[in-house]
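The block underneath contains the structure these notes are about, expressed in structure tokens.
The values are calculated or read from the model by the stated rules, or taken from the named source; none is laboratory data. Keep in mind that this is a model prediction, so the values were computed, not measured. Quick reminder, even Gly has a Cβ in these numbers, built from the backbone with ideal geometry, and neighbours come from all protein chains shown.
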């Protein structure tokens with residue numbers, strides 16, 4: 001069945017139309033309603049807000065929902081290949097496992113970083129072959145290792161002798177990437193070094209342990225941390241990885257051929273700086289004649305800006321000049337990113353119930369406002385001290401850039417089920 005589209009899926013200037021058609025024809029998108037947003041002005045996002053208003057006004061239950069813009073995904077894919085053409089992206093499924101996103105990325109040529117049996121199953125269900133998956137979890141359950149072996153996922157990471165022993169017993173055909181701890185976490189939003197990664201003095205024993213177990217170490221992996229803000233971290237980690245390659249050669253081990261530079265990328269100026277640093281470091285430490293294949297594990301880069309969350313105002317309280325609102329998603333749901341991902345979110349009012357003439361409340365007066373989530377925990381406070389126009393119960397509040405570590409990490413606390421929040425698929429086109 002072809003996707004249901006409101007406008008032809010062709011870019012105005014013809015650029016990227018092949019990629020967009022591939023996305024729309026992919027298994028996880030095919031058969032779903034897909035709405036064209038036309039050439040979207042990113043400053044106002046009016047077509048997107050119009051779509052959200054249309055969906056909201058048709059909802060009797062007024063439940064929260066996401067909109068996934070596949071045009072944004074395609075633009076990010078093109079930006080990645082423009083900036084890091086030598087690095088093959090393995091999308092980190094944990095960031096956002098929405099099937100339409102996984103399917104669209106697969107259609108564009110992305111591979112996948114999976115950390116559990118369920119994530120591997122989700123990717124394989126879309127028709128992706130097992131050789132396009134890296135099992136990038138350095139500490140795996142034995143039952144999950146057995147499953148990976150059974151379906152042919154033959155590349156994984158490790159950073160301990162205990163993991164080598166599990167793999168020797170359960171997946172002896174598996175290729176290994178030695179996960180190292182980078183010297184610098186780049187002031188990452190979520191540092192990973194305290195949990196994963198071999199220290200310099202552990203490299204030789206871990207290489208020797210894998211060799212003794214007859215498990216091939218095919219390369220090195222590192223991750224500077226999610227949401228890294230300082231690009232120097234990549235340069236230092238790549239230099240450390242080079243020393244590990246050299247160490248393996250001195251030990252007489254089979255030649256390693258893969259370098260996994262992990263994730264941590266955020267779209268915007270930081271990505272431009274990081275990609276320039278990575279290109280320079282790879283050229284210095286792994287020149288073309290080295291024959292090394294470069295892969296990466298971007299998650300938020302592809303997911304964060306592609307999703308917009310719409311929530312309904314279910315309660316209101318006025319205390320003098322202060323306006324307090326309750327919405328039907330919060331800290332225990334999609335906004336868990338405030339606690340666990342240290343995210344900064346912004347709110348766009350959409351008064352489509354109380355002010356249909358001016359739903360974005362342009363030019364209206366604003367009040368100091370607090371926005372609470374729906375649960376009975378006082379911790380469930382989404383925004384405090386923000387300026388918002390006068391809104392009412394049944395109006396909506398829209399949150400852009402809500403694709404990274406949001407719904408994927410939500411809960412069902414107090415009976416509010418984050419997993420039940422639906423995703424509507426759309427696509428924008430670049431300006432002509």
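Assess whether residue 90 counts as being outside the structural domain of residue 283 (by TED's automatic domain parsing) and in contact (Cβ under 8 Å) with a residue 12 or more places away in the chain. Criteria met by residue 90. So in the stretch 251-277, with the set limited to residues that are assigned to a loop (DSSP other than H, G, I, E, B) and free of Cβ contacts under 8 Å to residues at least 24 places away in the same chain, which one is nearest to residue 204 (Cα to Cα)? The selected residue is 252. Taken over the stretch 278-292, residues that are in a helix (DSSP H, G or I) and surrounded by 19 or more Cβ atoms within 10 Å (Cβ to Cβ) amount to 4. Against the condition in contact (Cβ under 8 Å) with a residue 12 or more places away in the chain, within 26 Å of residue 90 (Cα to Cα) and either surrounded by 20 or more Cβ atoms within 10 Å (Cβ to Cβ) or out of contact with any strand residue (DSSP E or B) (no Cβ under 8 Å at 6 or more places or on another chain) (or both), how does residue 337 come out, does it pass? So residue 337 passes the test.
Scanning the stretch 175-192 for residues that are surrounded by fewer than 21 Cβ atoms within 10 Å (Cβ to Cβ) and modelled with pLDDT of 95 or more gives a single hit, 175. Scanning the stretch 347-368 for residues that are touching a strand residue (DSSP E or B) at 6+ places or on another chain (Cβ under 7 Å) and surrounded by fewer than 13 Cβ atoms within 10 Å (Cβ to Cβ) returns a single hit, 365.
Assessment of the stretch 158-167 against the conditions (in the same structural domain as residue 221 (by TED's automatic domain parsing) and under 23 Å from residue 91 (Cβ atoms)) yields at least one matching residue.
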